[in-house]
Amino acid sequence: MVLVTQVPVAVAKAYSPGHITGFFSTPDPHISTTDPKFLGSMGAGFSINKGITSTVKVFSSNEKNYEIRLNGIPNFELKVSNFVVASYMQLIREPVYLSIEHESELPIGYGLGSSGSAALSLSYALNEALKTNLTKVQAAQIAHNGDIACRTGLGTVISEFTGGFELRLKVGGPGIGQVIKSELSTDWCVIVLCLEPIKTELWLDKSVTNENKHSLNLLGRKMVHDLYQNQNVGSFLEMSYQFAREYHLDEGKCQNPINLLQAEGIKASVALFGHTLFTLTERDKVRRIVKLLEQFKGQLLVCGVDNLGARLIRRND
């Protein structure tokens, strides 16, 4: 039986944006490192201003233990969050009981970076509440390591750590990977149509065993190079759609809405990985695009780009 005090000895809260990946390339097979900080992906995408807020309350206790809730409901299957908590439990000596609350604005499983967002915001909040004195980069690396270990993402955490419209030029987690960040103005809006969830690990496993993996990686690297030469939203959307077609993600549930938008001259693509259509557009075109997509069953989100990246938003001890 775990005995805890009724009043928390520390409280901390942190936020991480969600993220949409347009295309990516995994490491070369000859890379032999098992250190997850040096693993990940190159690619491009952008952070959105809907994400996950994590609140950590620390209680004195007679043994180490914790609970995690997602939108108020106990959830013991959040693999990456469990990984992050276990990492911090190893850093402290005193027994504590942690009450953890994830508040998500993101639909889970639709390619919007929810696992990375939960891990990153939780790591920042734990670092503050437990006074482990890690740097922001070190705290972000724990989240990245969890995303890699649980096969829920490759470049998500470093992207959400950075914020904005990002181009990942070198594989690795925060502090290791090389990222070019562009801040998009509030004139840009993100429109997302979530149609059906996908388990990211299944698609990552498919990409590893896919006989076309080599050609997909070559395509992803070429796109990184090409976008580096011409960093604009239109080029990114075109490349992302081309990459989604190679994965056949433009077929099935996303096919009809994408075809409709393209018939109207609107560039759109599919989030990696989810049956989720997205586009970046100027604010004055939002109403027209929303009206076109409202006929399809699914969850329609309109949001902006988060240029700040993950951050601590409350401390109290």
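The values are calculated or read from the model by the stated rules, or taken from the named source; none is laboratory data. This structure is a prediction, so every number in the text was calculated from the model and none was measured. Using ideal geometry, Cβ is built from the backbone for each residue, glycine included, and neighbour counts are taken over all protein chains shown.
Going through segment 179-237 one residue at a time, which ones are closer than 20 Å to residue 254 by Cα, of a type in the set (A, V, I, L, M) and at pLDDT 90 or above?
190, 191, 192, 193, 195, 237
Among the residues of segment 176-192, is any on the phi > 0 side of the Ramachandran plot and either charged (D, E, K, R) or touching a residue at least 12 places away in the same chain (Cβ under 8 Å) (or both)? Please lay out each step first, then the result.
So the first thing to find is which residues in segment 176-192 are on the phi > 0 side of the Ramachandran plot, and the list is none.
The answer is no; no qualifying residue exists.
Answer yes or no: is there a residue in segment 131-140 that is in a helix (DSSP H, G or I), within 27 Å of residue 304 (Cα to Cα), small (Gly, Ala, Ser) and at pLDDT 95 or above.
yes
Please specify each residue of segment 294-312 satisfying the condition of being closer than 16 Å to residue 279 by Cβ and touching a residue at least 24 places away in the same chain (Cβ under 8 Å).
Hits for segment 294-312 are 296, 298, 299, 300, 301, 302, 303, 304, 305.
Considering only segment 216-317, give the strands (runs of 3 or more DSSP E) lying wholly within it that have at least 3 residues that are farther than 17 Å from residue 168 by Cβ and of a type in the set (Lys, Arg).
Where strands (runs of 3 or more DSSP E) fall fully within segment 216-317 and carry at least 3 residues being farther than 17 Å from residue 168 by Cβ and of a type in the set (Lys, Arg), they are 311-316.
Might you let me know whether segment 25-33 holds any residue that is assigned to a strand (DSSP E or B) and either in contact (Cβ under 8 Å) with a residue 24 or more places away in the chain or crowded, with 21+ Cβ neighbours inside 10 Å (or both)? Even if it seems obvious, please write down each step before you answer.
As a first pass, look at segment 25-33 and keep what is assigned to a strand (DSSP E or B): 25.
Cutting the leftovers down to either in contact (Cβ under 8 Å) with a residue 24 or more places away in the chain or crowded, with 21+ Cβ neighbours inside 10 Å (or both) gives us 25.
Yes, that holds for at least one residue.
Output the residue which, of all residues in segment 135-162 that are surrounded by fewer than 24 Cβ atoms within 10 Å (Cβ to Cβ) and free of Cβ contacts under 8 Å to residues at least 40 places away in the same chain, is nearest to residue 35 (Cα to Cα).
138
Take the residues in segment 34-79 that are small (Gly, Ala, Ser) and not in a loop (DSSP other than H, G, I, E, B), then tell me which one is surrounded by the fewest Cβ atoms within 10 Å (Cβ to Cβ).
Here is the first cut: in segment 34-79, the ones small (Gly, Ala, Ser) are 40-41, 43-45, 47, 51, 54, 60-61, 72.
The next check asks that each one be not in a loop (DSSP other than H, G, I, E, B); those that pass are 43-45, 47, 51, 54, 60-61.
Details: 43: 27, 44: 28, 45: 25, 47: 32, 51: 28, 54: 30, 60: 15, 61: 18.
Applying the filter and picking the extreme gives 60.
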